[in-house]
Amino acid sequence: MGIEFRNVTKSFGDTKVVDSLSLEIRDGEFVVLLGPSGCGKTTTLRMLAGLESVTSGDITVNRERINDVPTQHRDLAMVFQSYALYPHMTIAENIGYPLRVRKVNQVERAERVQRVAAMLEIESLLERKPRQLSGGERQRVALARAIVREPRAYLMDEPLSNLDARLRVQMRGELKRLQHQLGTTTIYVTHDQAEAMTLASRVAVMKKGRLQQFETPLNIYNHPANRFVAEFVGSPSMNFIDGEISAGTFVSEALRMAVNTEVAGQVTMGIRPEHIEVLTSPQDGAIAASVYVTELMGNETFVFLTVGPHRLIARAPADFRAEVESKVWLRLTSEKVHYFDCKTEEILTQRRSDAT
Amino acid sequence: MFAIAPVYWMLTISLKTEVEQFATPPPWFVFTPTLAHYYDAFITRGFGQYLLTSAIVAVISTAGALVIGTLAAYALARFELPFRLNRRLSLWILSTRMFPAIVTAVPLFLMMRDLRLLNTRVALILIYTAFNLPFVVWMMRGFFADLPRDLEEAALVDGDSRLGALLRVVLPLVAPGLAATAVFCLIVSWNEFLFALVLTQTEAAMTLPVGIAGRVTQYEIKWGVMSAAASVAIVPILVFALALQKYLVRGLSMGAVKG
């Protein structure tokens with residue numbers, strides 16, 4: 001089921017929480033709204049659910065304008081960050097609630113609750129009350145309640161953020177699998193870029209109520225539209241150095257490097273940690289740096305470096321060893337370097353779309 | 001001690017013969033119990049009738065105040081009204097509780113006379129409902145405000161109407177608060193004296209407090225009958241409060257700590 005936001009704005013008083021947002025979500029897509037807290041992503045979701053009014057613009061579902069349709073008639077299911085399970089009802093009653101209010105008869109209701117519970121492996125919990133459940137179990141119940149009535153779309157508001165790290169990764173996988181299985185359009189809000197990258201078919205990055213970029217995770221990662229997207233997506237974060245390009249050379253304090261780009265003038269250079277190679281012996285064209293500290297992650301090592309006043313992070317193999325303050329040399333993969341406008345922070349390098 | 005002593009005194013008076021009631025020193029614990037006053041009050045005199053009137057008036061006015069007050073409180077707690085009306089309306093509702101009740105006694109008497117409702121239960125029900133409303137609104141508004149919005153929003157997204165969400169999700173969760181509020185309203189209505197005195201003079205419409213007070217006459221004070229009737233008057237409230245005790249404690253401390 002297709003969903004479209006057309007120039008949607010939401011203001012609280014004088015502040016625009018969402019600012020002329022336009023998004024077109026195709027049927028069956030898994031779209032993640034990604035951004036830091038206060039970027040308007042949750043408000044966007046709540047407008048779609050009908051829990052917030054739209055100040056201006058249109059929201060359509062299957063080309064039908066739903067701005068003025070009350071929440072209960074939109075036929076969308078929502079999973080809340082707090083799960084919002086009804087504390088006075090058993091798990092079976094919780095899951096069956098959407099069917100009960102739709103006057104589905106008791107026999108069919110029980111059958112459907114049973115089927116969904118089996119799918120999410122929570123059959124043994126059906127007679128319990130929400131407070132007797134662990135976080136992960138509650139999460140499953142909340143999902144079951146959303147799935148049981150086969151809605152037109154799922155809306156998820158940071159559903160995994162209350163789980164511990166291990167469970168989060170596990171549920172993330174299950175969510176993706178579930179969505180694949182059901183094939184229902186899903187809109188998922190998170191501030192966790194890892195969730196966005198792993199789950200989404202397309203990611204919409206938002207900042208201060210404005211859409212920054214709406215593309216596949218791979219394109220977002222490899223071809224960020226601006227410095228904000230580049231910085232927000234990826235962990236550890238992209239490195240940025242302010243400098244000037246003239247005559248094929250990038251110059252900044254304590255750093256000179258030959259570049260192959262048509263961009264010139266004052267720029268911000270951005271490079272991801274995995275595109276910096278750390279060498280322990282000098283090499284032609286390599287940049288001299290010193291090791292600030294190294295962090296062994298097990299499968300790789302993060303090397304924190306200083307180049308004059310600049311601080312950089314590089315990814316090195318797990319067996320990389322270097323003493324603190326020891327001298328190293330850096331080689332940057334030049335075709336992976338991004339250049340951003342110093343003031344507008346927009347990307348300057350030519351954009352190419354990777355085949356997806 | 002100060003709370004229990006008058007009740008004990010009243011109970012023992014109601015069971016003593018008139019001679020023992022006025023003996024000096026009073027027989028504190030040992031006396032010959034008699035149910036004569038109870039017989040006198042409820043069989044010979046019309047206290048049964050008063051009791052029934054009191055019960056009808058108290059129950060209906062409490063129910064009325066709860067229904068209307070709960071809906072109003074929910075609206076005030078959840079809907080954003082223009083011109084900061086939420087706050088203004090709430091304060092205005094509270095202010096109606098602030099003036100002394102006696103101020104309204106005469107206007108209400110005239111109103112009820114014109115409406116031909118003097119000496120009827122309807123008059124008392126209307127007035128008690130109105131007087132309990134601000135209390136219900138304020139209590140329930142607080143309970144609703146403490147409830148996370150997520151639950152109602154979930155109910156709406158799940159396809160329920162506002163009223164459905166209120167009945168199926170919100171009210172069961174504030175049941176303890178509702179119970180506590182109900183007990184208070186019931187006590188207020190049950191014990192109300194002023195309006196009952198002003199508005200009802202006939203046996204048929206008289207409530208228990210007025211009936212009891214009526215035994216203080218020019219010629220004699222029927223201590224035995226009054227005590228007997230008052231002792232009986234305590235019972236329904238006591239039973240109701242005990243039945244709801246489980247909820248009462250939770251209701252009174254609701255919102256005190258986040259749970």
Considering the stretch A:30-66, residues that are of a type in the set (S, T, N, Q) and in a loop (DSSP other than H, G, I, E, B), and then whichever is nearest to the other protein chains (Cβ to nearest Cβ), we arrive at A:S53
State whether the residues of the stretch A:133-148 include one that is touching a residue at least 24 places away in the same chain (Cβ under 8 Å), more than 24 Å from B:L147 (Cβ to Cβ), among the β-branched types (V, I, T) and not in a loop (DSSP other than H, G, I, E, B).
yes
Here the residues within the stretch B:72-98 that are in a helix (DSSP H, G or I) and exposed (fewer than 15 other Cβ atoms within 10 Å of the Cβ) are B:P82, B:F83, B:R84, B:L85, B:R87, B:R88, B:L91, B:W92, B:L94, B:S95
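Quick grid of which residues meet (1) among the small types (G, A, S); (2) in contact (Cβ under 8 Å) with a residue 12 or more places away in the chain; (3) not in a loop (DSSP other than H, G, I, E, B):
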{"site": "B:T34", "(1), (2), (3)": "no, yes, no"}
{"site": "B:I56", "(1), (2), (3)": "no, yes, yes"}
{"site": "B:S61", "(1), (2), (3)": "yes, yes, yes"}
{"site": "B:V103", "(1), (2), (3)": "no, no, yes"}
A:V69: passes all of (1) assigned to a loop (DSSP other than H, G, I, E, B); (2) in contact with a helix residue (DSSP H, G or I) (Cβ under 9 Å, 6 or more places away or on another chain); (3) within 13 Å of another protein chain (Cβ to nearest Cβ); (4) not basic (K, R) but (2)
Could you say which residue among A:E215, A:E231 is surrounded by fewer than 20 Cβ atoms within 10 Å (Cβ to Cβ), charged (D, E, K, R), within 15 Å of the chain's Cα centre (by Cα) and at pLDDT 90 or above?
A:E231
Which of the residues that make up the stretch A:77-126 are part of a loop (DSSP other than H, G, I, E, B), closer than 16 Å to B:G159 by Cα and of a type in the set (F, W, Y)?
A:F80, A:Y86
The lone condition B:A165 fails out of (1) within 16 Å of the chain's Cα centre (by Cα); (2) closer than 30 Å to A:E150 by Cβ is (1)
Could you grab me the full set of residues in the stretch A:1-22 that are of a type in the set (A, V, I, L, M) and assigned to a strand (DSSP E or B)?
A:I3, A:V8, A:V17, A:V18, A:L21
Just to be sure before I move on: is A:M119 hydrophobic (A, V, I, L, M, F, W, C), at negative phi and within 14 Å of chain B (Cβ to nearest Cβ) in the structure I sent?
no
I need the full set of residues from the stretch B:167-188 which are farther than 16 Å from B:G142 by Cβ, surrounded by fewer than 23 Cβ atoms within 10 Å (Cβ to Cβ) and within 14 Å of another protein chain (Cβ to nearest Cβ), in order please.
B:L167, B:R168, B:P172
Examine the stretch B:136-148 for a residue that is out of contact with any helix residue (DSSP H, G or I) (no Cβ under 7 Å at 6 or more places or on another chain), crowded, with 20+ Cβ neighbours inside 10 Å and within 14 Å of chain A (Cβ to nearest Cβ), and state whether such a residue exists.
no
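The values are calculated or read from the model by the stated rules, or taken from the named source; none is laboratory data. Computed from a predicted structure; not experimentally measured. Here the Cβ is made from the backbone with ideal geometry for all residues, glycine too, and neighbour counts use every protein chain on show.
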